[in-house]
Every structure is written in C-alpha cells, then in structure tokens.
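J.: Below you'll find the structure I mean.
The values are calculated or read from the model by the stated rules, or taken from the named source; none is laboratory data. From a predicted model like this one, the values you see are computed outputs, not experimental measurements. In this analysis, Cβ positions are derived from the backbone assuming ideal geometry, glycine residues included, and neighbour counts consider all displayed protein chains. Protein only, heavy atoms only, side chains kept; ligands, DNA and RNA dropped before computing areas. Shrake-Rupley method; radii C 1.70, N 1.55, O 1.52, S 1.80 Å.
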Amino acid sequence: MHILIVDDSKAMRSIVMRAVKAAGFDGSEFREASNGSEALASIRRTAPDLVLSDWNMPEMSGIDLLKALRAEGNAVRLGFLTSESDPAMRQAALEAGALFVLTKPFTADAVKAALGAVAR
C-alpha cells in the first residue's frame, strides 16, 4: 500500500508512520508532505492508495486538501489524524468524503481499527 502522510510537524509524521506500521502496515511505502499544497502536488503526480492528513497546516489545511481533491474528481481515500475534536468539524470532514477522523493523541489500536476498515 502506498500511503501519503501529511502534517506540518516532521515529528508527527514519524509518529503516524510508526503507528501505521504497528497497525500491521509495515510493508507499506510511505511518502510525506508538510502541508496540503505539497500533498496536492504529490497526489497529482502519483496517486497514493491512502492519504493520512492533519487538519491544521499552513498554506492549505487538510479539509481544503480534501475539498480540492474532490472538486477535481479525485476519489483517493483520505483519513484525518488531527487534534481537532469539534463534532461539527468531524461531521464536515465526513461529509466532504473523509473515511475517518482520529483525534490526537491516538493509539496504535485506534489506527489499526481505522485502517482495517479502509484496507478491505
């Protein structure tokens, strides 16, 4: 599986990658982007199987990335790993086409449950 991890924190991208590997996806290929704009360009070049994105980032937020992808007709699977816990934001993400929203700090088990449903 090709996974793009999008977060403005390099440390958080590493944490997400470790959690995904611990969830049983250690054979995956990973790419990274530090904001939504960078991710959008990366996705346009080579579409990943899954995008794991933060919500709040400079230049382009995760939700704006998701909306831009859907506006282009791109149905790449995308889930959020974010510190945002507002129910309205969670609902907006799901309505825009996100597969899941995990709130930081997340556990490896939570990542495994979210990715297990996606990988089927």
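J.: What full-extension length gain, to one decimal in nm, is calculated for ALA110 and GLU95 as 0.36 nm per residue of separation minus the Cα-Cα distance? Intermediate values should be presented prior to the final figure.
T.: Working: separation 15, 0.36 × 15 = 5.40 nm, distance 2.11 nm.
Once the chain is fully extended between ALA110 and GLU95, it gains 3.3 nm.
J.: Compute the distance in nm between two label points, each set 7 Å from the Cα along the Cα-to-Cβ direction, one at ALA88 and one at ALA117.
T.: 2.4
J.: If you don't mind, there's one more thing I want to ask. Roughly speaking, to the nearest percent, how much of the range 30-116's 1.4 Å accessible area is carbon and sulfur? Display every interim value, and only then the final one.
T.: Details: 2090 of 4040 Å².
After summing per-atom areas, the C and S share lands at 52 percent.
J.: Could I have the simple spin-label model distance between ALA75 and ASP49, label points 7 Å from Cα toward Cβ, reported in nm to one decimal?
T.: Going by the 7 Å Cα→Cβ label model, 1.8 nm.
J.: I would also like to ask the following. Select from THR82, THR46, THR103 the residue whose mean-square fluctuation is largest in a Gaussian network model of the chain (Cα-Cα springs shorter than 10 Å).
T.: THR46
J.: Would you mind checking the radius of gyration and Dmax of the chain based on alpha-carbon positions, in Å?
T.: Rg, Dmax (Cα atoms, Å): 12.7, 35.
J.: Counting only heavy atoms of protein chains, what accessible area per residue, in Å², does the chain have with a probe of 1.4 Å?
T.: Values: 5820 Å² over 120 residues.
For the chain, the per-residue accessible area is 48 Å².
J.: With the radius of gyration and the Kirkwood radius both derived from the Cα set of the range 66-120, what is their ratio Rg to Rh? Walk me through the numbers on the way to the answer.
T.: Working: Rg = 11.6 Å, Rh = 11.9 Å.
Rg divided by Rh gives 0.98.
J.: Let me ask another. So which lysines can LYS67 reach, going by Cα to Cα under 23 Å and dropping same-chain residues fewer than 8 places off?
T.: By straight Cα distance, LYS67 reaches LYS104.
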